[in-house]
Amino acid sequence: MSYMRIKSVVITIGLFFSMACTSQAQHEDPNLQAAYQAHGSLQLKEATDLFQKVADNESATVKDRCEALREIGVISWKFHQSPENAKAYLMKADSLGDYRSETWLKFLRIEEEQGHYSEAVEAGKKALAVAESDADRNYARYRTAKVILKDAVHQLEQGQSILTSKLNEALVLVETVLQENPTNTNASDVLLGIALVQNDATKALGAWLGYYRFADTESAYDYLKPAAQQLEALLSKWATKELDTSEKTQLIKALGASRFYDYAKLLAQKWDIKSEAVTSLIDYADYKEKIRQITNEFYRKSALGDSDSGAYIEAIGNLNRDLYAILSKTDETFSGANFQDLIREQFGTVFIISSSSASRNTGLVFGHIVNERLRTIEQYGHKADFTFTELDMMVSNGFPSWFWEDRGAGGYALSGGFLRIKTMFKFLAINAWEKVTDSVRRQKIEDDIQANLFQSDQNTDIKTVRAALSQKLELDALDELLQNLKAKGYTDKTLQLKFIEAYEALRDNATMFAHEGRHSIDRVVLGSEYRALGSAIIEYRGRLSQIAFSDSPKLEIANMLFGIGQTPTGQSNKMILDVYENWLNENKSRIPGYDANKWPLANLYKLKDQQLREIIRAVDPFYTE
């Protein structure tokens, strides 16, 4: 079977570690960052062993031990499928008492993924009860509401009646989140599902717009505008009277056209619509869930060193052939290319078997197009055009993204174009807003910076220093962004919305248009020599542009500090840090307040944005031509 294989460009978009701390700053156990580095290098056993060392170290801080115990708990469940062992680790973490809300959300995950929805909801309620910050409380609300909706959908699929009181409880939870954070796309997704089950068309339209962060249907992407306009017309009508069968069918198809295939299936089953077009949507929704399950199991075995890529490709190939036969009424013309063309045309699907610069493991990129446009990029007198395609509603984003969960491939470079994984970016801005404005969360970050950067010396483990430096650079960048917006007179919810908008623009311009644009330019300028550079150098050159053309270089460097490792991505990040470290060593006298007792890199936050850009430009072969 012939499938398109690409080299993917992995953008490390940040590790959302639970940086909870005790009130008194204490140095971090160096094994913790070593564990995260091993985890970042996809070394499961090494990471597990290091997390275990931290968990067993009675001299380590309670914060570090709890963090390690939570990680081992997730590993025990996700990779080894041992819920009892996982729960034992989590109970130990809970008894130690640091960041208990996060611990209980791990319990929620284990119960939810086993289909124990009542137990998962109870775990979510415990997380909410012990949460210390607004951000953590809202996250617990969202996760709990999501489980309640999932349970309701399951009951519908089984032909059972739904408890209205439970859905109303979920509605209150998710609307509370959106009242405080109207940009929370995950909460909007759950609200859309609840509204459709409860026949609340007005809430459904608002939630759909909220998910995509559209002010109204006119502001929808051109790619989605026909679906948006049809949804608005049908939902507005449904708000005032019952839809007839034809209108219900159109609404189901419009949900599918806007990539909400699971909700399209939900309405089809609820209304018992069985037209050919609707049946195709149901078949597709079922197909992608089967692909998700097979792929996740293949990834799990890959992490344990027990996978068979040939058997995996054969299994998904059989599912592809089956779907092709259903949609085309024949399988005689089936091929990998024909199948890809068909599902792209009918469902906006991108389906690619790929490896990446973060891992050579076989993986699947399977997502849905929500936006597409052409962009011209110019850097240092060179230019290139490329098609910019945004994917959302991901079924799979490759092995590393599945392994890490909280970071992964932000995009994939193709000849003449680029795939941006919108799913990976949606939560980043919300996360950034909470880091800078949630007092409890911010204090924990500042405590880490104090203990592991400001109080560090050359005896402090360098991985610990890098992690704290990353937090410092990011917090400084976010503070600057927030203060600039406040200076323009923005306040309250408007301030939050403008912050989200500005943050996303900063990251898009750097990670997408500068970084990925550089790859397109390198292809044009270097021609056949491009691939000869090797993946690590290709990624390094992308990162040079990512920093040099960023309006907030500290944000980009902060994300690179976490991704040091043996993969091409990890190597390219190390090359960037080496550039800065060499400059710091050679220019100590030019840095106000340089502290020679610390690792040179620990002084990096003292440089101005323009200095950070100039240092990088000075080593770029295009800039120095």
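The values are calculated or read from the model by the stated rules, or taken from the named source; none is laboratory data. Owing to the predicted nature of the structure, the values given are computational and were not obtained by experimental measurement. So basically every Cβ, Gly included, is an ideal-geometry build from the backbone, and we count neighbours across all protein chains shown. Note: accessible area is taken over every heavy atom of the protein model, side chains too, but ligands, DNA and RNA are not part of it. Shrake-Rupley method; radii C 1.70, N 1.55, O 1.52, S 1.80 Å.
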- Query: Could you say whether any residue in the range 499-517 is more than 30 Å from GLU46 (Cβ to Cβ), in a helix (DSSP H, G or I), more than 23 Å from the chain's Cα centre (by Cα) and of a type in the set (D, E, K, R)?
  - Reply: no
- Item | Segments classed as helices (runs of 4 or more DSSP H), wholly inside the range 520-598, with at least 1 members that are out of contact with any strand residue (DSSP E or B) (no Cβ under 6 Å at 6 or more places or on another chain), of a type in the set (S, T, N, Q) and at pLDDT 95 or above | 535-548, 568-586
- Residue check, GLN483 at pLDDT 95 or above, closer than 15 Å to LYS435 by Cβ and surrounded by fewer than 19 Cβ atoms within 10 Å (Cβ to Cβ): yes
- Message: I'd like the full set of residues that are within 24 Å of the chain's Cα centre (by Cα), modelled with pLDDT of 95 or more and aliphatic (A, V, I, L, M), limited to the range 437-466.
- Response: ILE445
- Query: When the residues of the range 154-175 are filtered to those that are open to solvent by 70 Å² or more (accessible area, probe 1.4 Å) and β-branched (Val, Ile, Thr), which remaining residue is nearest to the chain's Cα centre (by Cα)?
  - Reply: VAL172
- What single numbered condition from (1) modelled with pLDDT under 95; (2) within 27 Å of ALA429 (Cβ to Cβ); (3) open to solvent by less than 10 Å² (accessible area, probe 1.4 Å); (4) charged (D, E, K, R) fails to hold for ASP508? (3)
- Just wondering, is there one or more residues in the range 238-257 that are under 22 Å from GLY210 (Cα atoms) and free of Cβ contacts under 8 Å to residues at least 12 places away in the same chain? yes
- Which residues, counting only those in the range 580-625, are hydroxyl-bearing (Ser, Thr, Tyr), open to solvent by 30 Å² or more (accessible area, probe 1.4 Å) and closer than 15 Å to ILE547 by Cβ? TYR605, TYR623
- Odd one out for ASN320, checked against (1) touching a residue at least 40 places away in the same chain (Cβ under 8 Å); (2) of a type in the set (S, T, N, Q); (3) crowded, with 21+ Cβ neighbours inside 10 Å: (1)
- Task: For THR362, state whether it is under 23 Å from TYR287 (Cα atoms), at pLDDT 90 or above and touching a Ser or Thr at 6+ places or on another chain (Cβ under 8 Å).
- Result: yes
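Let's see how each residue does on (1) under 26 Å from the mean Cα position of the chain (by Cα); (2) open to solvent by less than 60 Å² (accessible area, probe 1.4 Å); (3) at positive phi:
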position: SER188; (1), (2), (3): yes, yes, no
position: GLY193; (1), (2), (3): yes, yes, no
position: ASN199; (1), (2), (3): no, no, yes
position: TYR211; (1), (2), (3): yes, yes, no
position: GLU218; (1), (2), (3): no, no, no
position: SER258; (1), (2), (3): yes, yes, no
position: TYR263; (1), (2), (3): yes, yes, no
- Message: Are there helices (runs of 4 or more DSSP H) fully within the range 362-475 with at least 1 residues that are touching a Phe, Trp or Tyr at 6+ places or on another chain (Cβ under 6 Å), open to solvent by less than 10 Å² (accessible area, probe 1.4 Å) and closer than 30 Å to TRP599 by Cα? List them.
- Response: 422-437
- When the range 531-550 is checked residue by residue, the ones that are more than 15 Å from VAL579 (Cβ to Cβ), in contact (Cβ under 8 Å) with a residue 12 or more places away in the chain and of a type in the set (A, V, I, L, M) are ILE538
- Would you mind telling me which numbered condition in (1) more than 17 Å from GLY410 (Cβ to Cβ); (2) in contact with a Leu (Cβ under 7 Å, 6 or more places away or on another chain); (3) open to solvent by less than 30 Å² (accessible area, probe 1.4 Å) ILE547 fails? (1)
- The one condition in (1) surrounded by 21 or more Cβ atoms within 10 Å (Cβ to Cβ); (2) touching a Leu at 6+ places or on another chain (Cβ under 7 Å); (3) farther than 18 Å from TYR36 by Cα that LEU105 fails to fulfil: (2)
- Could you grab me the full set of residues in the range 222-244 that are over 18 Å from THR202 (Cα atoms), in contact with a helix residue (DSSP H, G or I) (Cβ under 8 Å, 6 or more places away or on another chain) and open to solvent by 20 Å² or more (accessible area, probe 1.4 Å)? LYS225, PRO226
- Does ALA532 count as of a type in the set (A, V, I, L, M), open to solvent by 10 Å² or more (accessible area, probe 1.4 Å) and out of contact with any helix residue (DSSP H, G or I) (no Cβ under 8 Å at 6 or more places or on another chain)? yes
- Select from the range 128-143 the residues that are open to solvent by 80 Å² or more (accessible area, probe 1.4 Å) and in a helix (DSSP H, G or I) and list them in ascending order. ALA129, ASP134, TYR139
- Item | Residue among LYS125, LYS150, LYS146 that alone is surrounded by fewer than 20 Cβ atoms within 10 Å (Cβ to Cβ), assigned to a helix (DSSP H, G or I), touching a residue at least 24 places away in the same chain (Cβ under 8 Å) and of a type outside the set (Ser, Thr, Tyr) | LYS150
- Query: If you take the residues of the range 176-186 that are open to solvent by less than 20 Å² (accessible area, probe 1.4 Å) and polar (S, T, N, Q), which of them is farthest from GLU122 (Cα to Cα)?
  - Reply: THR183
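Can you give me the number of residues within the range 65-90 that are acidic (Asp, Glu) and within 24 Å of the chain's Cα centre (by Cα)?
Taking the range 65-90 first, the residues acidic (Asp, Glu) are 67, 71, 84.
If we keep only those that are within 24 Å of the chain's Cα centre (by Cα) too, we end up with 67, 71.
Residues meeting the conditions: 2.
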- Could you grab me the full set of residues in the range 349-361 that are part of a strand (DSSP E or B) and of a type outside the set (Val, Ile, Thr)? PHE351, SER354, SER355, SER356, SER359, ARG360, ASN361
- Message: Being within 20 Å of ILE75 (Cα to Cα) and over 23 Å from the mean Cα position of the chain (by Cα) is the filter here; which residues of the range 120-135 pass it?
- Response: ALA123
- Select from the range 80-102 the residues that are in a helix (DSSP H, G or I), of a type outside the set (Ser, Thr, Tyr) and open to solvent by less than 40 Å² (accessible area, probe 1.4 Å) and list them in ascending order. PRO83, ALA86, LEU90, ALA93, ASP94, GLU102
